[in-house]
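A.B. asks: Take a look at the following structure, please.
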Amino acid sequence: MPRPARTSAEHGYTLDDQIGFLLRRAYQRNSVIFAEKVPGKLTTTQFSVMYRLAEDGPMSQNALGRSVAMDGATTKGVVDRLIARGLLRTARDPDDRRRHLVSLTPSGVALVDEAVEAAILVTAETLAPLRDKEKETLLRLLRKII
C-alpha cells in the first residue's frame, strides 16, 4: 500500500499561509468585483490595455504589451479580441511604415472612460476590509515584490 502524503504537521507547509495562494485568492476576489462593476464585459487584462492606450496614446503592440507586463502572444490575443469588438484599431506608424500602432476607436474611448469610473470603485471595494494605513502598506509591499 502506498505511503500517504505527509501532512502540514510533518513538513510545516500550510497552504492557507502561502503568498501565492493568498495572492490568487485576493485576485479572485478582485476579479469578481471587477466583473460585477466594470461595463462592457471587459477582462482586467483588456481594461489594462485600453487604459494604457488612453493614458499614453497609440503605440506598437510590442510596447503596449511591455507597458502592461504581458508577453507578445497574450498581447496579440487581447488586441485582436478588442479589434474584433470595434474598441481598438491599428494603423501604419507614419514615422516607421514597417510598424503598426494600436489605438482606441471612438467606441473604445467611450468605454474606457466609463470603465475607469467603475475601476475606481473596484479598487475601493477590494481594499474595503483594510484601514487606510493597511491599504498603503499592502500596495507598497506589492510594488516592492514586483
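The values are calculated or read from the model by the stated rules, or taken from the named source; none is laboratory data. Keep in mind that this is a model prediction, so the values were computed, not measured. Methodologically, a virtual Cβ is constructed for each residue, glycine included, from the backbone with ideal geometry; neighbour enumeration extends over all protein chains shown. The accessibility values were calculated without ligands, DNA or RNA, using every heavy atom of the protein model including side chains. Shrake-Rupley method; radii C 1.70, N 1.55, O 1.52, S 1.80 Å.
A.B. asks: Calculate for the chain the 222 nm mean residue ellipticity that helices alone would give, adding -39,500 (n - 2.57) per DSSP H run of length 4 or more and normalising by residue count, nearest 500 deg cm²/dmol. Walk me through the numbers before you get to the answer.
C.D. replies: Working: 7 runs with 92 residues, N = 146.
Mean residue ellipticity at 222 nm (helix-derived): -20000 deg cm²/dmol.
A.B. asks: Any idea how far apart LEU130 and ASP71 come out in nm if each label point goes 7 Å out from Cα toward Cβ?
C.D. replies: That separation, rounded to one decimal, is 2.9 nm.
A.B. asks: Excluding residues on the same chain fewer than 8 positions from LYS37, give the aspartates and glutamates whose Cα lies under 13 Å from its Cα.
C.D. replies: Answer for LYS37, where 13 Å is the Cα cut-off: GLU114, GLU117, GLU125, listed by chain and number.
A.B. asks: What residues have an amide H closer than 5 Å to that of ARG99, excluding those fewer than 5 places away on the same chain, when H is modeled at 1.01 Å from N in the peptide plane?
C.D. replies: Correct list: ASP93.
A.B. asks: How far, in nm, would the chain grow between ARG85 and LEU139 when pulled straight, counting 0.36 nm per residue and subtracting the alpha carbon separation?
C.D. replies: Values: separation 54, 0.36 × 54 = 19.44 nm, distance 3.29 nm.
Full-extension gain reported as 16.1 nm.
A.B. asks: If you count only protein heavy atoms with a 1.4 Å probe, what accessible area per residue comes out for the range 44-146, rounded to a whole Å²?
C.D. replies: Accessible area per residue: 64 Å².
A.B. asks: How far apart, in nm, are the 7 Å Cα→Cβ label points at GLU10 and ALA35?
C.D. replies: Simple spin-label model gives 3.7 nm for this pair.
A.B. asks: Another one. Pull up the cross-link candidates among the lysines for LYS144, meaning alpha carbon to alpha carbon under 19 Å and not fewer than 8 places away within one chain.
C.D. replies: LYS133, LYS135
A.B. asks: Could you give the length gained on full extension between LEU23 and GLU117, defined as 0.36 nm per residue of separation minus the Cα-Cα distance, in nm?
C.D. replies: Net length gain for the segment: 31.4 nm.
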